[in-house]
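What follows is one structure encoded as structure tokens, with my remarks underneath.
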Amino acid sequence: MKKYIYYIILFSLLASSCSDFLQREPLDFGSESNYFKNTDDLRKAVNEFYTLLPGNNNPLRDGLFTIDNNSDNQCGGWSNSNFYPGNRLVPDLENSEWKFNKIRDCNYFIKLIEERINNGEIAGAEADKYHYLGEFYFFRAYEHFRLLKSFGDAPIIDCVLSNDFTDLVRGSKRRPRNEVARFIISDLEKAKSLMKKVAPHANRLNKDCASLFLARVALFEATWEKYHANTCFVPGNGKWVGSHMYPNFQFSTGNATSEINYFFDKAIEYSLEVTEGRSLHSNYEAMFKSTDTQNYSEMILVKKYAVGVVSHSVPKLLMAGSNNCGYTQAMVNSFLMTNGSPIYASKEYMEQRRDTSIIEEMKDRDVRLVSSVQKPGDINKMTNPIGYIGIPRITNTTETGSPTGYEIRKYHVSDLSQEGFSAGITDTPIFRVAEAYLIYLEAFYEKNKYLDSYCEQFWKELRVRAGVNEDYNYTIQITDLEKENDLAVWSKGVMVDKTLYNIRRERRCEFIAEGFRLDDLRRWRALDMMNAKGDKHPIDEGYVMRGFNLWEQFYTRYDSKELNSSGVVSSNSDGNHICPHRRYVTDNAYSGYNFPKPHYLDPIPVSEIILTSQNSDVSTSTIYQNPGWPSANVGLADYSYDCD
């Protein structure tokens, strides 16, 4: 009787916390008895999933340009708990990425639509029916990739689960990460086979979106498995956290190397497909400031906006300041001179232009940098008549300031009609062909250790568009890895070769303020070096985020009383370059970042582990916790955990 009561209680708790599995019919879309009768119904249903794509989704605050605050490229006014020990806890379910409601919805619609197509119950063009079905497969893959990036091993949910408790527990079982990646690739191949090259309506997913996203997933998994090999983060070895659940695990290709090459091959194949018939847009800056980018050959998918329908506030936020974030010195210094030289290899830069003035610093530099950083003299149009940016707003410690001094200009428009909150209507690029170029370049070189003709073509086109000498070999030859202040120089604590580093550099520069950086640092296992060893100018024992050079000359342009006020900028005793996290001694990263290895993966909420266990014994749960994180109580990670 006690056991029976226990299961009643457990099931009711599971119903509460895991309602994603239990609500079988997504009621938001209406009753299936009078819906899904034509292709217009299918289009409206899948429209709800487009909010999953990145963009400037919150009309009142933030935007795509703030995402990289979670990396070494940018930072906000306060430190990020992901990069230092002692503050990040296992979250509750509500604040975790351990969510499956959208996957549940996709499974419901896929099942229903396939049945109705087979029964001839949906009116409309046959190709359109299958196209919208393909969109659901895409979004199911998209959500599984979110889980893969956050947790590694994850459940694969490819059907509508019943309300049976046993089925729910079985469905929650984590699967080895490579199998999850393979499932995602399978779904995307299915989506590609169903979707049209040109979607039935404008600004919708198409075949190339599926191919590019597949290539992204494949590159992510290939490099993750390569650089985390033989650790607790990858299956196939005794340290893998899931080895107790899969004691006889084997890679389907036979061994780890073959499995990695399988993913590299997929990345190479599908990224190359995307480039066929497409080219880069000639104006890099325009792609992020226009309302008409869907007509650019480079754009595979963009997110459109309209005032009164869906809009954003990015122009307002960037006119007013940098929304309390800014680029780092390390980010800015990674960009090349127009002659293809790193800044430290340019005698003219080091002796004449340096970084004592932002205007001088931007001369003869990569167009992607120059167009993405606010400079004295840039048109702002915050007011009418036209206003101009004067000096970096480092003394403003709210959303109207920039803690690094390198204010964000990418996505900035000087259109007065867009200067109000919720008045922004500039497009957000979602998928563009430049990503396919860079995926092919990285995947091909990683696998083969040489560059083929496509690599040469793609790399040159990217550099020409950036206004940089197209001779990438010149850059490779004069690169000195010891002088590069970039975490991407390393993987698993070992320096990569100069060619691979410059490929990574190209990716970093191309995707400035687009939200790719943290995923890249994770898959390259470069965050191991986010400590004093990875900082060319360490303060105390950590990796210190730095901004522009204030204290050598530029400080004379500010009111000295403001600069010396408590909590405004770091002291000149901390170096010429301001340190955003040394404004307050109470900042947890005052002495710098020291990345804890358990933070490579997110923790799973303890409630979900207990609920899928027997008699609350977490060792019996189908959900094992990620390395170093507690399974039975909310707490910090064990930083002494042997991840290697």
*Looking at (1) free of Cβ contacts under 8 Å to residues at least 24 places away in the same chain; (2) within 21 Å of the chain's Cα centre (by Cα), which is the only condition S150 fails?*
(1)
*Hey, among P603, P627, which residue is of a type outside the set (D, E) and either over 16 Å from F233 (Cβ atoms) or in contact with a helix residue (DSSP H, G or I) (Cβ under 6 Å, 6 or more places away or on another chain) (or both)?*
P627
*Name the residues in the stretch 164-190 that are open to solvent by less than 10 Å² (accessible area, probe 1.4 Å) and either hydrophobic (A, V, I, L, M, F, W, C) or farther than 26 Å from R216 by Cβ (or both), would you?*
L168, S172, V180, A181, I184, I185, L188
*Taking only the stretch 483-521 into account, find how many residues are open to solvent by less than 20 Å² (accessible area, probe 1.4 Å) and touching a His at 6+ places or on another chain (Cβ under 9 Å).*
0
*How many residues does the stretch 359-369 contain that are without any contact (Cβ under 8 Å) to a residue 40 or more places away in the chain and aliphatic (A, V, I, L, M)?*
2
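The rows are residues; the columns are (1) open to solvent by 20 Å² or more (accessible area, probe 1.4 Å); (2) within 30 Å of G420 (Cβ to Cβ).
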| site | (1), (2) |
| --- | --- |
| P247 | yes, no |
| E259 | no, no |
| K266 | yes, no |
| R278 | yes, no |
| K289 | yes, yes |
| M299 | no, yes |
*Is it true that some residue in the stretch 133-156 is polar (S, T, N, Q), part of a helix (DSSP H, G or I), modelled with pLDDT of 95 or more and in contact with a Phe, Trp or Tyr (Cβ under 7 Å, 6 or more places away or on another chain)?*
no
*Out of (1) aliphatic (A, V, I, L, M); (2) over 27 Å from V198 (Cβ atoms); (3) touching a residue at least 60 places away in the same chain (Cβ under 8 Å); (4) open to solvent by 10 Å² or more (accessible area, probe 1.4 Å), what's the single condition that is false for A306?*
(2)
*If you scan the stretch 334-361, which residues turn out to be open to solvent by 10 Å² or more (accessible area, probe 1.4 Å) and closer than 17 Å to K410 by Cα?*
I359
*Run down D72, D68, D40 and say which single residue is acidic (D, E), part of a loop (DSSP other than H, G, I, E, B) and at pLDDT 95 or above.*
D72
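Yes/no per residue for (1) modelled with pLDDT under 95; (2) assigned to a loop (DSSP other than H, G, I, E, B); (3) open to solvent by less than 60 Å² (accessible area, probe 1.4 Å):
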{"site": "E562", "(1), (2), (3)": "yes, no, no"}
{"site": "S573", "(1), (2), (3)": "yes, no, no"}
{"site": "T586", "(1), (2), (3)": "yes, yes, no"}
{"site": "S591", "(1), (2), (3)": "yes, yes, yes"}
*Count of the stretch 200-228 residues which are assigned to a loop (DSSP other than H, G, I, E, B) and either in contact with a Lys or Arg (Cβ under 7 Å, 6 or more places away or on another chain) or surrounded by fewer than 20 Cβ atoms within 10 Å (Cβ to Cβ) (or both)*: 7
_I need every pair where a residue in the stretch 252-266 that is without any contact (Cβ under 8 Å) to a residue 40 or more places away in the chain has its Cβ under 8 Å from the Cβ of a residue that is open to solvent by less than 50 Å² (accessible area, probe 1.4 Å) and among the aromatic types (F, W, Y), sequence separation at least 6 or different chains._
S258/F251
_Residues that are assigned to a helix (DSSP H, G or I) and without any contact (Cβ under 8 Å) to a residue 24 or more places away in the chain, drawn from the stretch 326-358_ = I343, K347, E348, Y349, M350, E351, Q352, R353
*asked:* Being part of a helix (DSSP H, G or I) and under 30 Å from R463 (Cβ atoms): is that true of Y411 here?
replied: no
*asked:* Restricting to the stretch 447-482, name every residue that is open to solvent by 50 Å² or more (accessible area, probe 1.4 Å) and either outside any helix (DSSP H, G or I) or aromatic (F, W, Y) (or both).
replied: K449, Y450, Y454, N469, E470, D471, Y474, D480
*Are any residues in the stretch 530-560 buried (at least 18 other Cβ atoms within 10 Å of the Cβ) and of a type in the set (S, T, N, Q), and if so, which ones?*
N531, N549
*asked:* Just the residues that are in a loop (DSSP other than H, G, I, E, B) and among the hydrophobic types (A, V, I, L, M, F, W, C), please, taken from the stretch 75-108.
replied: W78, L89, V90, W98, F100
*Does F444 fit the bill of being open to solvent by 10 Å² or more (accessible area, probe 1.4 Å), among the aromatic types (F, W, Y), touching a residue at least 60 places away in the same chain (Cβ under 8 Å) and under 30 Å from N261 (Cα atoms)?*
yes
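The values are calculated or read from the model by the stated rules, or taken from the named source; none is laboratory data. Predicted model only: the values in this text are computed from it and were never measured. Methodologically, a virtual Cβ is constructed for each residue, glycine included, from the backbone with ideal geometry; neighbour enumeration extends over all protein chains shown. Note: accessible area is taken over every heavy atom of the protein model, side chains too, but ligands, DNA and RNA are not part of it. Shrake-Rupley method; radii C 1.70, N 1.55, O 1.52, S 1.80 Å.
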